[in-house]
1. What does a probe at residue 60 reach in the stretch 18-52, counting residues whose amide N is under 15 Å from the point 7 Å along Cα→Cβ?
2. List, in order, the whole-Hz ³J(HN,Hα) value for each residue of the stretch 199-207 obtained from phi through the Karplus relation with A = 6.51, B = -1.76, C = 1.60 and θ = phi - 60°; use x for Gly and Pro.
3. Scan around residue 58 for amide H atoms under 5 Å from its own, H built in the peptide plane at 1.01 Å from N, and keep only partners 5 or more places away or cross-chain.
4. With Cβ to Cβ distances under 9 Å as the rule, what net charge do the other residues near residue 99 carry (K, R +1; D, E -1)?
5. How much net charge surrounds residue 188 when only other residues with a Cβ under 11 Å from its Cβ are counted (Lys, Arg +1; Asp, Glu -1)?
6. Using Cα positions and a limit of under 26 Å, work out the lysines in reach of residue 107, with same-chain residues fewer than 8 apart set aside.
7. Heavy-atom accessible area per residue, the stretch 157-212, 1.4 Å probe: how many Å²?
8. Going highest first, how would you order 21-32, 63-74 by mean Cβ packing within 10 Å?
Amino acid sequence: MTIRVLIADDQQLVRTGFQMILDAQPDMEVVAAVSDGAEAVAEARRLRPDVCLLDIRMPKLDGLEVTRVLAGPGVENPMRVVIVTTFDLDEYVYGALRSGATGFLLKDSGPTLLIEAVRAAAAGDALVSPSITVRLLQHLAQPRRRAALPVNDPLTDRELDVVRLVARGRTNQEVAGELFVSLSTVKTHLGSIQAKLGVRNRVEIAAWAWESGVVS
């Protein structure tokens, strides 16, 4: 199936470059390329793309606001959002992921990582640029004013094993390899973990793990 992508960036060269990269993939089609946040919301709601690629700083509505509108907590049928920006700042990373983004990339990450992030988002997975992963996890590990929410239905030992690996950035395939289980078993564990924690994706699983002290 073709992955339908919306691109929102206020720089025409960036929009054109991303569109050329993604349209060249046999399984991708850019259905809209817009220059501001308000247009991004309108076109996303009209077209319902599989993945929205959003810049952070845009006119009218910034990328974080657009993310909250399209994918934030409480949004019915949330869309899959990947933030792409030149700004490698912790507050942007944390804010984007907490607003519902499923991925975060720097613009200098390169075409391969961009393509991987789109495919991961379309599959319901998440990809965070390797150059910021360690800093993100360190940020999440710091003591915060709001503690992680308690879990009414405790995780099993095996589910905690999966959580720890996810929190350290392992893919499903890597988790399966390290725990000597099948890929389908990993996906089953992830589904159970998300239900117990009340989270929507592996990024939020990682955030819970670091905030609750499951990993340190």
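1. Correct set: 32-47.
2. These are the phi-based 3J(HN,Hα) values: 10, 9, 7, 5, 5, 5, 4, 4, 4 Hz.
3. For residue 58, the qualifying residues are 63.
4. +1
5. Neighbour charge sum, excluding residue 188 itself: +1.
6. Cross-link targets: 60.
7. Using a 1.4 Å probe on heavy atoms only, each residue of the stretch 157-212 averages 46 Å².
8. 63-74, 21-32
The values are calculated or read from the model by the stated rules, or taken from the named source; none is laboratory data. Note that the structure is a prediction, hence the values are computed from the model and not measured. Don't worry about glycine lacking a Cβ; one is built from the backbone with ideal geometry, like all the others, and counts go over all protein chains shown. Keep in mind that these areas ignore ligands, DNA and RNA; they rest on the heavy atoms of the full protein, side chains included. Shrake-Rupley method; radii C 1.70, N 1.55, O 1.52, S 1.80 Å.
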